[in-house]
Structure formats: C-alpha cells, structure tokens
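Undergrad: Provided herewith is a single structure, encoded as structure tokens, for subsequent inquiry.
The values are calculated or read from the model by the stated rules, or taken from the named source; none is laboratory data. Fair warning: this is a prediction, and the values are worked out from it, not measured in the lab. Here the Cβ is made from the backbone with ideal geometry for all residues, glycine too, and neighbour counts use every protein chain on show.
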Amino acid sequence: MAKYLPFILFTVLTNAAAQVMLKYGMLQLGALSFAGVNPILKILQIVFSPFVFLGLCTFVVSMASHLFVLSKVELSYAFPFLSLAYVVVAVAAWLLFAEDLNAYRIGGIALICVGTVFIAQGGSTVHGEEMAAASPSIGPSSGHPTGKVTR
C-alpha cells in the first residue's frame, strides 16, 4: 500500500488546490445575482471564468487520480485520506484569504490528522495482495462466502 500513498496524497493536494482556485475565482466574480439574467448564461459565465474553470479542471485531475487509487486499494482505506484536503484547505484559506483559523478549527484539524494516521496504520489489501493489518478484516477475504467473520 505504501507505494500508492503518493497517489493518494496527490489526490488530496489536487482536491485542495481545486477548492482554493474555485474560491479565488468566485471572489473575482463577486456576489452572485441571478436577478434579470438568464440562469444558463450566468452559469456559463461562472464556469468559464478563468480560475473557476481551472479549479474544475483540477477537480477532474483529482478525480482521475482518485479512480486510479480506488483501482489499487480498498475504498475504506483510500477515502478517509481525502479528509486531509480539509486540513490543506483550512491552512491555505488562512494564508491566502485571511480566513479564521481558531482553536476549534485547529482542534478539528488535529483530530482529522490523528484519525487519518489510525486508518493508515490499519493496513489495506491491494488487489489480492495481503497487507499487514492490526485486526481481522470483514469482507470476502475473511473466509466466509458472505464476507462475514465466522467464529
């Protein structure tokens, strides 16, 4: 699984970068108003504004990376790492947009990081390759046809 960690982190960073670009793009556009405007044209104006478009393209790259990761490791292992995008976004928003990073948010960020470390320590199965796990798994590889652990 460790060989796929760079791809997982790439997914996290591109996801966070997309969020930052979308925020910057929306700041450039200003407050939205659909009053007296064709909603389809307004949506197209938003989507094709430079930073929003770049953010959406970055999301596509992030999703492609995530799909690659999902083809290699368990969903229950890979998906929780995406919570690290919140950590990156919170710090980037504080640095770039002067958003508040108070004690509650810092505490939440710490819990996210600790939880992700716990998940990473649990191991994963990589397409049939057994990885070290801290506890028995429940699933098709547990020996029971329905995936249930039998005792």
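Undergrad: For the stretch 72-106, give me each residue that is small (Gly, Ala, Ser) and at pLDDT below 95.
TA: Across the stretch 72-106, the qualifying residues are 76, 78, 83.
Undergrad: Please count how many residues of the stretch 29-60 are polar (S, T, N, Q) and surrounded by 11 or more Cβ atoms within 10 Å (Cβ to Cβ).
TA: 3
Undergrad: Can you run down the residue pairs with Cβ atoms below 6 Å, 6 or more apart or on separate chains, where the first is in the stretch 3-24 and without any contact (Cβ under 8 Å) to a residue 40 or more places away in the chain and the partner is surrounded by fewer than 19 Cβ atoms within 10 Å (Cβ to Cβ)?
TA: Close Cβ pairs (under 6 Å, with a partner that is surrounded by fewer than 19 Cβ atoms within 10 Å (Cβ to Cβ)) amount to 21/51; 21/54.
Undergrad: With 138, 109 as the choices, which residue is surrounded by 11 or more Cβ atoms within 10 Å (Cβ to Cβ) and either modelled with pLDDT of 90 or more or closer than 27 Å to residue 17 by Cα (or both)?
TA: That would be 109, the only listed residue that is surrounded by 11 or more Cβ atoms within 10 Å (Cβ to Cβ) and either modelled with pLDDT of 90 or more or closer than 27 Å to residue 17 by Cα (or both).
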